[in-house]
1. Test each condition in (1) buried (at least 18 other Cβ atoms within 10 Å of the Cβ); (2) within 16 Å of the ligand (Cβ to nearest atom); (3) within 17 Å of the chain's Cα centre (by Cα) for M14 and report the one that comes out false.
2. Pairs, please: C-beta under 7 Å, at least 6 apart or cross-chain, first residue touching a residue at least 12 places away in the same chain (Cβ under 8 Å) and hydroxyl-bearing (S, T, Y) and in the stretch 86-114, second open to solvent by 20 Å² or more (accessible area, probe 1.4 Å) and part of a loop (DSSP other than H, G, I, E, B)?
3. Under 27 Å from S235 (Cα atoms) and within 15 Å of the chain's Cα centre (by Cα): does that describe A81?
4. So which of G228, G215, G232, G209 is without any contact (Cβ under 8 Å) to a residue 12 or more places away in the chain and either open to solvent by 10 Å² or more (accessible area, probe 1.4 Å) or within 15 Å of the ligand (Cβ to nearest atom) (or both)?
5. Any chance you could count how many residues in the stretch 154-166 are away from the ligand (no atom under 13 Å from the Cβ) and either over 17 Å from the mean Cα position of the chain (by Cα) or hydroxyl-bearing (S, T, Y) (or both)?
6. Restricting attention to the stretch 17-42, which residues are under 20 Å from G76 (Cα atoms) and out of contact with any strand residue (DSSP E or B) (no Cβ under 6 Å at 6 or more places or on another chain)?
7. With A176, A169, A114, A145 as the choices, which residue is within 12 Å of the ligand (Cβ to nearest atom) and either open to solvent by 20 Å² or more (accessible area, probe 1.4 Å) or over 15 Å from the mean Cα position of the chain (by Cα) (or both)?
8. Tell me which of these E186 doesn't satisfy, since it passes every other one: (1) in contact with an Asp or Glu (Cβ under 7 Å, 6 or more places away or on another chain); (2) within 16 Å of the ligand (Cβ to nearest atom).
Amino acid sequence: MAQRNFFVGGNWKMNGNKESLEELISTLNTASLHDQTEVVCGAPSIYLDFARCMLDLRIGVAAQNCYNVAKGAFTGEISPAMIKDCGAEWVILGHSERRHVFGESDELIGQKVAHALESDLSVIACIGEKLEEREAGTTEEVVYAQTQVISENVSDWGKVVLAYEPVWAIGTGKTASPEQAQEVHEKLRAWLRSNVSDDVADSVRIIYGGSVTAGNCRELASQNDVDGFLVGGASLKPEFIEIINARA
Ligand code: PGA
């Protein structure tokens, strides 16, 4: 079976300034980080260049969004080409805040995934159900449909990490239990096995996001199908290092 290196992404969202990010970056640069864990920090687009220049090269940099074409009259947007030009290697797409605060459709997210991969960026593709969907028992249906659209647009699964982030757990302090996370991750892997291939099912990292902290990361990380985390609030604090080292 393929070896899946643990993957921990930090999503700084729209937080920080040069002063606070410099402090965070120097904490990360000097920390002892588990060498089998891939670490990527998602910086606000205006700080991508700054983050890439300051962060140690063992830590990757991600944009938090991008548009679906290389350039043109799209005021306020950024392209994968620009992200790459700043030296960043990753982009987070389909985050619940993009879906639900900014109204991005599955279709647009799919187009962004396709264009980012064509542009040789790696993609952290996010999916997850809302509270009312979980309560209505439609979690699987929702995450399969979101994964389907992503999957139709993936040209190279080697450059994709799938982030399961239940919307009700994001920024709420309400983490999915290790069993709840494992259950969905296992089902997503089975979906990949049936709809893509054995090889992709075995090799794609499925990471969990939603109120991950230093306190809950080890138990979550011990689940078979939890291959890492996407961390919001705690990625801005020194405890992010403990989360990176959850499998150490
Ligand atoms: P949170 O955010 O860790 O603050 O819940 C996770 C995310 O939105 O990726």
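1. Of everything listed in (1) buried (at least 18 other Cβ atoms within 10 Å of the Cβ); (2) within 16 Å of the ligand (Cβ to nearest atom); (3) within 17 Å of the chain's Cα centre (by Cα), M14 misses just condition (1).
2. As it stands, the answer is S96/I170, since those pairs meet every condition given.
3. Working: under 27 Å from S235 (Cα atoms): yes; within 15 Å of the chain's Cα centre (by Cα): no.
When the stated conditions are applied, A81 does not pass them.
4. Only one candidate passes the filter, namely G215.
5. Residues meeting the conditions: 1.
6. Initial filter on the stretch 17-42 (under 20 Å from G76 (Cα atoms)): 17, 42.
Residue satisfying the conditions is N17 alone.
7. On the way: A169 fails: either open to solvent by 20 Å² or more (accessible area, probe 1.4 Å) or over 15 Å from the mean Cα position of the chain (by Cα) (or both); A114 fails: within 12 Å of the ligand (Cβ to nearest atom); A145 fails: within 12 Å of the ligand (Cβ to nearest atom).
On inspection, the qualifying residue turns out to be A176.
8. Against the list (1) in contact with an Asp or Glu (Cβ under 7 Å, 6 or more places away or on another chain); (2) within 16 Å of the ligand (Cβ to nearest atom), E186 comes up short only on (2).
The values are calculated or read from the model by the stated rules, or taken from the named source; none is laboratory data. Worth saying up front: this structure is predicted, and the values here are computed from it rather than measured. Cβ: placed from backbone, ideal geometry, glycine included. Neighbour counts: every protein chain shown. Note: accessible area is taken over every heavy atom of the protein model, side chains too, but ligands, DNA and RNA are not part of it. Shrake-Rupley method; radii C 1.70, N 1.55, O 1.52, S 1.80 Å.
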